[in-house]
Amino acid sequence: MRPGGPADPRHGKGSGQIPPPPRDPADSQRGKDPGQAPAPPGDPADPRRGKDPGQAPADSRYEREHGPPPPRDLTDPRHGYDSGQAPVPARDPADPRYESEHDPASVPVPQPRDPADPRQWCAVAAAWLGRDRPEAALEAARRALDLDPRAESGADWGYRLASLAFERLGRDAEAVAAAEEAVRLAPGSWAARMRLGAALRRVPGRWRESRAQAARAVRYAPEEPDPHVLAGDLALLRGEYGLAETAYREALRRLPDHPGARINLGLTRLRWERPRAHHDPAWPVDPRETGRARRALERWSRRTRVLLAVALVAVCVAEFGFGLASVARIGGGLVLLAVLAITLRQAHRVRLWSYVPGMLARDLWLGMSVSITLVAVAAYVAAVATLPAEAPPVLSGPVPGVPGLVWAGLAGLVLLNGTVLLVLRVLVEAWRGRPVRALAEFAAAGDDRTARRDVNVTLWLVAGRVWSVPVAVVAAVVVLDERSWAAVALVVPLALGWARGRVGPAPGLTRLTRALASDRGLAAALALPASASVLLGVAGAAPVLGLVTVGEWTWRAGVALLAVPVAIFAARSVRAWWRGAPGPWRASLVMCDGCGSRLPGDVGPPVGLSGEVRAAFTYARGVVLAYADPSGPRALAVGAVSSVGPSGELRLIAASDAWEAAERDPRVAVFVADPLDRRFWAEVRGIAIGDTEADLLRITPKEVVVGEYPGRHQGRAHRG
């Protein structure tokens, strides 16, 4: 579909595609390294460069309508941009970079000073996205694209902004369509590739395409943190923790305070599983289909185990209470027909049987639930078949023989499997991963809301660990009948002191202390097991010191304290379940996806070419292409630039070795000297993509550097 056609979404209804944003030549060096000096303003005698880069030309539309612009701020790093339009003010709230330094809700979004400038509408759209107003951002992006139907002012910027707005509105198909259009217009743009990868990951069955686009974004801009974060997110969603950790560390090397990288790196420490852990994102099937299969398996497991437990109780009452042995066995056998009916009914709802083995392998608890149900069925059949005449005394009375113990074990499997599975799940989730290191990462992420929630849940996991150690000590003392083993519980306060030092510097500890102060139940769940461990340790050491009475009292107090955290956890879980709120369990951990006030890198403006740089490439006959090959850096003379696209894209006719080098590493640089002013030179660093149909190398600019050769008066002094 051509931009501006009748189905173009810029005209209201349509397919959802948004045309590419315009590019403002005023930002020709926006991708420049901040540490590099700005380009000189040029020779005032040159008619092509007779204006100050920060001033609008006298005949510009801006000056005719608004008068001369104010003097540029020399402290603004953008003052080296050479433009033919009025520059954006140094502190323009419409600039998306302004959002990282101010509260988005406290700064109003002004209308563009020049309503006919599509680039200013894109800046407004980015500002609205920073305030989490996707509807207003989408409208501003559409205005920008309406003003630039051929996408001459910015190629992909408007499409990227529209794609992110669509994504936040939940319109995933339209987000992908807009991102694909951005990639079509600027195939060498890392931001466009990243935006497409982020949009594709929300579409079922396109996870592999999303990962390929993220890999391209990393390849095109390895110096940017956001492509690495996207690659890490895709790996984390699939449970590839090693790859995710590597990607997040690469992002933090480039931006140490990146909130998404910090929070999600903490989740990799915890071996986090997303809510749909049974579904592999790489599967070409809708996760809703596998979700229906999972719910059918869960219903079958839960109903079958409850039915067998109730039936076994009824059989035992009929046998041991009324002596109806034959009736009990017949009734117990008929229950299996009800189990078969439940099985057939739920099996009919599982339509993706080919994916069930993979679902059971990926979701540990789903696999255990199905497995324990099969074991419970077998145990029920064996318990009914070997039903004794009298109930074996298990908790009191003489020790039963081997048949009685076996039957009691079978009955325990049928009656208590749900409780055992629940306790096992709580303990395994508490001991999985490295919560102390995860807390250090969450605390380093600052006061982000997602980080605070993950800190709270992780502290509950730590409380589960702290509680389980003294419980294990008590169980060991009871089994071994040796009170001195209780002294092992003193390891708990020592471990807590070690963990406190591992969290990090003072700001991190302050955030953890604040989290505990705001949740008294959590603070008690941590403090009480630690106190119980101290009491148990004293109880273990008291007999050695001759303090038998003290040891007995501390033992009883320590055991009693261990019951309180269980009650707190149960009450908190019931309250969370009743309110539908996050509970004190691992499933409440959330991933950082666009959290914080920082806008993602794919909403930034593209890099364009100023008028003088365009003129240099247009008229020059001595263009040099620099690239890398296995032997090292190389430079290749190119006769001339075939053309310069409206958005600043360079199109070169290059030899085959340059094509091969671009396939290995697309990062290239193009150097040119102005034939009209031999002191002026320009270097464009960008991404080279081969266009086989046109037999051209298309270079999307990432950074523009301009300068002047030294004149005679600047030459080296000679003696004599």
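Quick one: in region 413-461, of everything that is among the charged types (D, E, K, R) and over 18 Å from VAL503 (Cβ atoms), which residue is surrounded by the fewest Cβ atoms within 10 Å (Cβ to Cβ)? Result: ARG449. Across region 530-540, not a single residue is classified as closer than 17 Å to VAL455 by Cβ and among the small types (Gly, Ala, Ser).
Restrict the check to region 645-654 and report whether at least one residue is under 40 Å from the mean Cα position of the chain (by Cα), open to solvent by less than 40 Å² (accessible area, probe 1.4 Å) and hydroxyl-bearing (Ser, Thr, Tyr). Within region 645-654 (the criterion being under 40 Å from the mean Cα position of the chain (by Cα), open to solvent by less than 40 Å² (accessible area, probe 1.4 Å) and hydroxyl-bearing (Ser, Thr, Tyr)), the answer is yes, since at least one residue qualifies. Residue-level check: of (1) open to solvent by 10 Å² or more (accessible area, probe 1.4 Å); (2) within 24 Å of GLY232 (Cβ to Cβ); (3) modelled with pLDDT under 95; (4) among the hydrophobic types (A, V, I, L, M, F, W, C), MET194 misses just (3). The selection criterion, being more than 30 Å from ALA444 (Cβ to Cβ) and not aliphatic (A, V, I, L, M), holds for GLY558. Checking each residue of region 476-486 against the condition of being under 22 Å from THR268 (Cα atoms), hydroxyl-bearing (Ser, Thr, Tyr) and in contact with a helix residue (DSSP H, G or I) (Cβ under 9 Å, 6 or more places away or on another chain) gives no match.
When region 652-681 is filtered for residues that are under 21 Å from TYR220 (Cα atoms), out of contact with any Asp or Glu (no Cβ under 8 Å at 6 or more places or on another chain) and not hydrophobic (A, V, I, L, M, F, W, C), the ones remaining, listed by number, are SER656, GLU663, ASP665, PRO666, ARG667. Counting the residues of region 569-586 that are surrounded by 14 or more Cβ atoms within 10 Å (Cβ to Cβ), in a helix (DSSP H, G or I) and either of a type outside the set (A, V, I, L, M) or more than 26 Å from the chain's Cα centre (by Cα) (or both) gives 4. In the set (1) surrounded by 16 or more Cβ atoms within 10 Å (Cβ to Cβ); (2) among the basic types (Lys, Arg); (3) in contact (Cβ under 8 Å) with a residue 60 or more places away in the chain, ARG465 fails one condition alone, (3).
Scan region 488-538 for residues that are more than 20 Å from GLY266 (Cβ to Cβ) and hydrophobic (A, V, I, L, M, F, W, C) and the total you get is 18.
Taking the criterion of being aliphatic (A, V, I, L, M) and farther than 12 Å from LEU697 by Cα, the residues of region 629-668 that qualify are ALA635, LEU636, ALA637, ALA640. Any residue that is among the aromatic types (Phe, Trp, Tyr), touching a helix residue (DSSP H, G or I) at 6+ places or on another chain (Cβ under 9 Å) and farther than 29 Å from PHE442 by Cα - is there at least one of those in region 181-197? Within region 181-197, none of the residues are among the aromatic types (Phe, Trp, Tyr), touching a helix residue (DSSP H, G or I) at 6+ places or on another chain (Cβ under 9 Å) and farther than 29 Å from PHE442 by Cα.
Quick one: is GLY205 modelled with pLDDT under 95 and in a helix (DSSP H, G or I)? When the stated conditions are applied, GLY205 does not pass them.
Annotation note: Cβ proximity below 7 Å between a residue of region 672-683 that is farther than 13 Å from THR618 by Cβ and a residue that is of a type in the set (Gly, Ala, Ser) and at pLDDT 90 or above (sequence gap 6+ or interchain) occurs for GLU683/ALA669.
The values are calculated or read from the model by the stated rules, or taken from the named source; none is laboratory data. Being a predicted model, the structure only gives us computed values, none of them experimental. Here the Cβ is made from the backbone with ideal geometry for all residues, glycine too, and neighbour counts use every protein chain on show. Heavy atoms of the whole protein, side chains included, go into the accessibility calculation; ligands, DNA and RNA do not. Shrake-Rupley method; radii C 1.70, N 1.55, O 1.52, S 1.80 Å.
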